[in-house]
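Have a look at the structure below, then the notes.
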Amino acid sequence: MNNSRSNPLSFSYYRFCLLVALAAGHSSHALADNGREFQGQIGGKAASSATQAAIIGSISSLGAAGVFRLRLSDSDGQTAPTLAEGKGGLKGLAASGDSDSPWTLWATPVLSNVSNRIAPATSEGSVNILLLGLEHNQDDELIRGVVLALDRADLDTPYNSGKVKGNGYTIAPYLAMPFAESWLLDASVGFGKMSLKTNVSNITASPEDDRRLASIGLSHSLLTKTKWLVSSKAGYSYSTDKVESYKDSAASITAASKTTLGQVKIGVQATYLASKFKPFVAAYQFFNDFSVSGGSATQPKEYSTTPQLQLGISPSSGPLYASVVAQVERGRSAVRAYVGYRY
């Protein structure tokens with residue numbers, strides 16, 4: 001932009017935001033017995049995809065779909081527009097405002113309606129997540145924390161007129177390092193489980209999903225003279241979901257299976273700071289490496305690359321913050337809403 005500049009941003013540089021991706025079914029079984037083999041992986045992968053995206057977003061996204069606490073200063077000490085002001089600037093991922101304590105507690109519920117139209121394992125419904133976090137800010141030079149994500153999936157599977165429900169958890173330590181005034185490096189790992197209930201033609205089953213997550217990301221921000229915050233991002237995430245062999249109510253045994261997804265994400269997002277609603281628009285490109293082991297021979301489809309567009313608003317007031325986001329990508333769409341509190 002001709003009217004933009006790279007602030008000598010003497011950042012207390014961290015913020016809280018959520019980017020909950022489309023939780024849609026990277027499934028792992030063949031379309032056999034009316035598609036019952038798919039069911040465990042549809043629910044497990046949908047929930048773990050949403051949970052990993054929420055955790056990564058809370059650490060690495062620069063306001064793409066939520067509210068962050070950020071204090072920008074010019075080299076002469078003049079304070080630039082912020083999303084949420086606080087004494088001493090930011091105090092971590094979920095900044096606690098006036099408190100001088102390096103410790104912060106934070107909580108955010110996330111409600112998502114999702115639709116996955118990628119055949120053969122189509123699905124639609126909700127994946128809702130509660131994030132609970134504790135973090136420590138070491139002089140704005142190193143931010144460390146841990147998040148507990150509790151998730152619930154309730155999905156219909158139109159391809160076989162079935163349903164999948166599940167409740168799970170993920171525990172994920174994370175860290176973030178601001179550097180060179182306007183850059184942020186972040187990383188996280190996580191593990192968890194999910195208990196699922198499936199129903200196809202009144203045949204039920206209770207598979208268990210075991211998940212592992214890891215991510216690393218790099219972000220850069222640019223504040224323009226017109227009060228737009230432009231954030232460029234790049235990251236890599238890796239996840240696995242394992243569903244052990246299980247028997248359904250018809251005494252049929254489904255073999256153990258495993259899905260693996262490695263994903264590269266690059267993109268940019270712009271947030272207008274001058275408005276109290278903080279509107280934003282974002283565009284990303286995803287590059288996926290998806291694999292399946294176990295189950296039967298027929299395997300579901302995942303696009304090797306796809307763009308994603310987002311549009312939303314992110315109002316905030318003091319410790320309260322909220323967001324409404326619509327996003328669409330190839331074969332998938334979602335609408336998300338959440339409200340949270342920092343302490």
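The values are calculated or read from the model by the stated rules, or taken from the named source; none is laboratory data. The model shown is predicted, which means the values in this text are computed figures rather than measured ones. A quick note on method: Cβ atoms are made from the backbone with ideal geometry, for glycine too, and the neighbour counts reach across all protein chains shown. Note: accessible area is taken over every heavy atom of the protein model, side chains too, but ligands, DNA and RNA are not part of it. Shrake-Rupley method; radii C 1.70, N 1.55, O 1.52, S 1.80 Å.
Pick from the stretch 204-234 the residues that are open to solvent by less than 40 Å² (accessible area, probe 1.4 Å) and of a type in the set (Val, Ile, Thr): which of them is farthest from THR51 (Cα to Cα)?
Among residues in the stretch 204-234 that are open to solvent by less than 40 Å² (accessible area, probe 1.4 Å) and of a type in the set (Val, Ile, Thr), the one farthest from THR51 (Cα to Cα) is THR224.
Yes/no matrix, rows are residues, columns are (1) of a type in the set (Asp, Glu); (2) within 15 Å of the chain's Cα centre (by Cα); (3) assigned to a loop (DSSP other than H, G, I, E, B); (4) at pLDDT below 90:
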residue	(1), (2), (3), (4)
LEU222	no, no, no, no
THR226	no, no, yes, no
ALA234	no, yes, no, no
TYR238	no, yes, no, no
ASP241	yes, no, no, yes
LYS258	no, no, no, yes
LYS265	no, yes, no, no
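Just a yes or no: is a residue in the stretch 57-72 at negative phi, aromatic (Phe, Trp, Tyr), assigned to a loop (DSSP other than H, G, I, E, B) and modelled with pLDDT under 50?
The answer is yes; a qualifying residue exists.
Quick one: count up the residues across the stretch 303-340 that are part of a strand (DSSP E or B), farther than 21 Å from THR51 by Cβ and of a type in the set (S, T, N, Q).
Counting residues in the stretch 303-340 that are part of a strand (DSSP E or B), farther than 21 Å from THR51 by Cβ and of a type in the set (S, T, N, Q) gives 3.
For the stretch 303-321, indicate whether the set of residues that are open to solvent by less than 20 Å² (accessible area, probe 1.4 Å) and in contact with a Cys (Cβ under 8 Å, 6 or more places away or on another chain) is non-empty.
Among the residues of the stretch 303-321, at least one is open to solvent by less than 20 Å² (accessible area, probe 1.4 Å) and in contact with a Cys (Cβ under 8 Å, 6 or more places away or on another chain), which makes the answer yes.
Please state which of the following conditions ILE253 fails to meet, knowing it meets all the rest: (1) in contact (Cβ under 8 Å) with a residue 40 or more places away in the chain; (2) farther than 27 Å from SER215 by Cβ; (3) touching a Ser or Thr at 6+ places or on another chain (Cβ under 8 Å).
(1)
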